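*Asks:* Quick one: this structure, given as structure tokens, is what I'll be asking you about.
The values are calculated or read from the model by the stated rules, or taken from the named source; none is laboratory data. From a predicted model like this one, the values you see are computed outputs, not experimental measurements. Backbone-built Cβ (ideal geometry, glycine too); neighbour counts: all protein chains shown.
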Amino acid sequence: MRGVHGNDSVHGVHGKDLVHGVHGKDLVHGVHGDHPVQPARPGRPRRIGILVAVATGIFTADLITKTIVVATLSHRQPARLLGGLLTLRVLRNSGAAFSIGTSMTVVFTLIAVAVIIAILRTARHLHSLPWAITLGLLLGGAAGNLGDRLFRSPGPLRGHVVDWIELPHWPVFNLADSAIVCGGIAAVLLATRGVRLDGTRDRAGGSPVFEPADRPDDGPPQRTPDVTPAQDRPAPGRAAGGSST
């Protein structure tokens, strides 16, 4: 018969070499042992790859379209399409999106740099897919216009942004501006709905609640510790309720 209080106990409570004990030293799933249980982590992985992919796509599309319109429309009359609903017109903008603050070029350049740094730092805690897409739009748009500020005339930090999309009764803009506006609207909607960067959602009282896809991954099913009193356990070789012969 294997002892309950001995050193080689299998399901004992006070033994030293425990598998599923509560107070032992070598614990696997214990609570009070020398190796505390690691806190549960959200099962959803980081979404940095999604953020980078969206930002790269926006930046690339913005750069290509600006290069094409500058090369083909700089010395031509505006091209009117769709019966005048869409007009392609090259303008140089020294201000922010939609030609706001044209005398504050350097200030807007520094703001764009700060926004990009803030998004990259925030990405370390990013587990939400909607937030990854939203921040990717903001990052790609900010990087697209920042490239113009740094590398276009009249010089670094003072470069003019190329705008080329014109709609009726709307300022001329570019793809980077569109991405920034869409990302800003999405960020407001996500914050209003209580969606956090880590993929959880705020309760009415402010405490986070996991969405079904974001619940902590508890790993494989675990065995329940056997804490049956020693006097109620059958001895080895004796079936429960019977006797050994």
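*Asks:* Take the residues in the range 163-197 that are in contact with a Leu (Cβ under 8 Å, 6 or more places away or on another chain) and among the acidic types (Asp, Glu); name whichever of them is nearest to Thr65 (Cα to Cα).
*Replies:* Step one: list which residues in the range 163-197 are in contact with a Leu (Cβ under 8 Å, 6 or more places away or on another chain), which gives 163-168, 172, 179-180, 182-184, 186-187, 197.
Then keep just the ones that are among the acidic types (Asp, Glu); that gives 163, 166.
On the way: Asp163: 10, Glu166: 14 Å.
Within the range 163-197, the match that is nearest to Thr65 (Cα to Cα) is Asp163.
*Asks:* Here is a follow-up. Could you grab me the full set of residues in the range 74-104 that are at pLDDT 85 or above and assigned to a helix (DSSP H, G or I)?
*Replies:* Leu82, Gly83, Gly84
*Asks:* Starting from the range 54-80, keep only residues that are farther than 12 Å from Gly144 by Cβ, then list their pairs with residues that are part of a helix (DSSP H, G or I) and hydrophobic (A, V, I, L, M, F, W, C) whose Cβ atoms are within a distance under 6 Å, requiring at least 6 positions of separation or different chains.
*Replies:* Here the result reads Val54/Ile133, each pair linking the range 54-80 to a residue that is part of a helix (DSSP H, G or I) and hydrophobic (A, V, I, L, M, F, W, C).
*Asks:* Does Leu167 fit the bill of being within 28 Å of the chain's Cα centre (by Cα) and either buried (at least 17 other Cβ atoms within 10 Å of the Cβ) or assigned by TED's automatic domain parsing to the domain that holds Leu85 (or both)?
*Replies:* no
Condition check ((1) modelled with pLDDT of 90 or more; (2) in the same structural domain as Pro168 (by TED's automatic domain parsing); (3) touching a strand residue (DSSP E or B) at 6+ places or on another chain (Cβ under 9 Å); (4) in a helix (DSSP H, G or I)) across all residues:
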residue	(1), (2), (3), (4)
Val13	no, no, no, no
Asp17	no, no, no, no
Val22	no, no, no, no
Ala55	yes, yes, no, yes
Phe59	yes, yes, no, yes
Val70	yes, yes, yes, yes
